[in-house]
Amino acid sequence: MNAVLPRFLKLTYRKEPLISVLMTMGVMDALIGGLNDSWSLFAFGLGTTGIALAFKLWRFQQRHSLPEEPVVQHYLPSRSSSPPLPMLSVSKKKPPL
């Protein structure tokens, strides 16, 4: 079996689970209805698949219509709120033995 197809399906189901479930349900209904000469099930499957595709296109257009502004995240403040610590100096005296 091709290793690319399962990876593609996993990514698709994780990104948009509702659309993926509707697409799978519609395709399976259309397949079962077409093979069993049940035209109402076939039409329902095609309609479900069409609605899922329309919903996916609508979401895709919404996602790309928003202007992307760079978000700047500052993890640390520009200035410290506490006073600076004094400088440490090494004493020149030798400690008593």
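Some notes on this structure:
- Candidates R59, R63 - the one that is at pLDDT 80 or above, in a helix (DSSP H, G or I) and of a type in the set (D, E, K, R): R59
- Test for G26: is it closer than 21 Å to L57 by Cα, touching an Asp or Glu at 6+ places or on another chain (Cβ under 8 Å) and modelled with pLDDT of 90 or more: no
- Test: residue in segment 12-23 that is farther than 15 Å from F55 by Cβ, out of contact with any Asp or Glu (no Cβ under 7 Å at 6 or more places or on another chain) and assigned to a helix (DSSP H, G or I): yes
- A count restricted to segment 20-44 and to residues that are under 18 Å from P6 (Cα atoms) and of a type outside the set (A, V, I, L, M, F, W, C) stands at 2.
The values are calculated or read from the model by the stated rules, or taken from the named source; none is laboratory data. Only a predicted model underlies this, so the values are computations on that prediction, with no experimental measurement involved. Methodologically, a virtual Cβ is constructed for each residue, glycine included, from the backbone with ideal geometry; neighbour enumeration extends over all protein chains shown.
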